[in-house]
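Only one structure is covered here, and it is reproduced in the block below.
The values are calculated or read from the model by the stated rules, or taken from the named source; none is laboratory data. What you are looking at is a predicted structure, and each value in this text was computed from that prediction instead of being measured. Glycine gets a Cβ as well: all are built from the backbone with ideal geometry, and neighbour counts include every protein chain shown. When the accessible area is computed, the model is the full protein with side chains, heavy atoms only, and any ligands, DNA or RNA have been set aside. Shrake-Rupley method; radii C 1.70, N 1.55, O 1.52, S 1.80 Å.
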Amino acid sequence: TALHGTDRDLPARSMHFCAVSQGFFQAMGNPIVEGRSFSSSSFTGGVFEVVINRQLASELWPGEEPLHHTVRVEEPALGLQFVAEVVGVAQDMRFSGLTSTPDATVFLPLRGNVFTISFPLYFVTRGTVSSHSIEEFTRQQAASSMPSLGVTTSYRVDERLRESLMEQKARAWFSTGGAALIAIIAYLGLYGVLVHSVNSRRKEMALRACLGASAANLRMIVIRKALRCSVAAVAISLLAWKPIMVLASGAWVGKAELSWQSAVAIPLMCLTAAVGISLLPAAAAAQVSLAKMLKEQ
């Protein structure tokens, strides 16, 4: 769907739209943070007012008051085209899941030609009544005014939400577990490399100690080697940055965002972990002495 700002020269942009009744925001528990909801619950008449979400308001009028601006909504495939006033701004909703980024959305009143294309219709109620009772009540009410309208299925939103959360949690645990396993393997490999390096250079370490190298100097040799390995790993990760972000934003995980703070913190955490891994081999290097080497020979 294309949206234009008519009160100024704003370019057309693609956005999502949703046709809802007057009580939609109250039933969903999604507050209107600015302005109001629709003035009428009638299903007849034209569309002269819309409610937008915060994401769309920030895109169209950043830093400005979005209320009472006029927009033109067009959907050629469905024959929708009308000019309406923005009467309210709703809190962002994540229709694609909890991990998704809120999409720019305009909420249309369920009336006129919008009503005729908004099938199937979803009826949402709040309370503890069984879904079967709600289904029967909805069927009776629909039969009195629209005999051709029937109820296809009914379900509890909280149950669907729990199912969605279980899927999201499983994805999060899978991603986190995979990342943790890779990190453990990587740092075990780093530890093995450092231990091998210290064992293979014991004579060199002993000679350095005899020539005046302090224990701190010997420890720094190992720590610097660990840092070089970690920097190389970070550099390789930067080369794979784009594929990783594409994978992290895929449909099977949901849209993902990475701030600059996180992008800086992750390499620092890797470098800190590398230093921690190197402390034990570094301590072993600092204890090497020429006398022990001669006894072993």
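Observations
- Members of region 50-73 found to be free of Cβ contacts under 8 Å to residues at least 60 places away in the same chain and among the basic types (Lys, Arg), listed by number: 54
- Strands (runs of 3 or more DSSP E) contained in region 1-67 and holding at least 3 residues within 14 Å of residue 93 (Cα to Cα), at pLDDT below 85 and not small (Gly, Ala, Ser): 16-20
- Any hit, region 71-84, residues being surrounded by 17 or more Cβ atoms within 10 Å (Cβ to Cβ), aliphatic (A, V, I, L, M) and within 25 Å of the chain's Cα centre (by Cα): no
- When region 217-228 is limited to residues that are of a type outside the set (Val, Ile, Thr) and open to solvent by less than 50 Å² (accessible area, probe 1.4 Å), the one that is modelled with the lowest pLDDT turns out to be 218.
Yes or no, residue by residue, for (1) more than 28 Å from the chain's Cα centre (by Cα); (2) at pLDDT 80 or above; (3) open to solvent by 100 Å² or more (accessible area, probe 1.4 Å):
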{"site": "134", "(1), (2), (3)": "yes, no, no"}
{"site": "150", "(1), (2), (3)": "yes, no, no"}
{"site": "168", "(1), (2), (3)": "no, no, no"}
{"site": "180", "(1), (2), (3)": "no, yes, no"}
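- Pairs, first on the phi < 0 side of the Ramachandran plot in region 175-195, second of a type in the set (Lys, Arg), C-beta under 7 Å, six or more apart: 194/225
- Scanning region 14-39 for residues that are on the phi > 0 side of the Ramachandran plot and under 23 Å from the mean Cα position of the chain (by Cα) yields a single hit, 29.
- Subset of region 239-248 (residues that are at pLDDT below 70 and either touching a strand residue (DSSP E or B) at 6+ places or on another chain (Cβ under 7 Å) or of a type in the set (A, V, I, L, M, F, W, C) (or both)): 240, 241, 244, 245, 246, 247, 248
Residue-wise test of (1) at pLDDT below 75; (2) out of contact with any helix residue (DSSP H, G or I) (no Cβ under 8 Å at 6 or more places or on another chain); (3) over 25 Å from residue 32 (Cβ atoms).
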residue: 76; (1), (2), (3): no, yes, yes
residue: 106; (1), (2), (3): no, no, no
residue: 119; (1), (2), (3): yes, yes, yes
residue: 124; (1), (2), (3): no, no, no
residue: 127; (1), (2), (3): yes, yes, no
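- Any hit, region 83-92, residues being on the phi < 0 side of the Ramachandran plot and at pLDDT below 85: no
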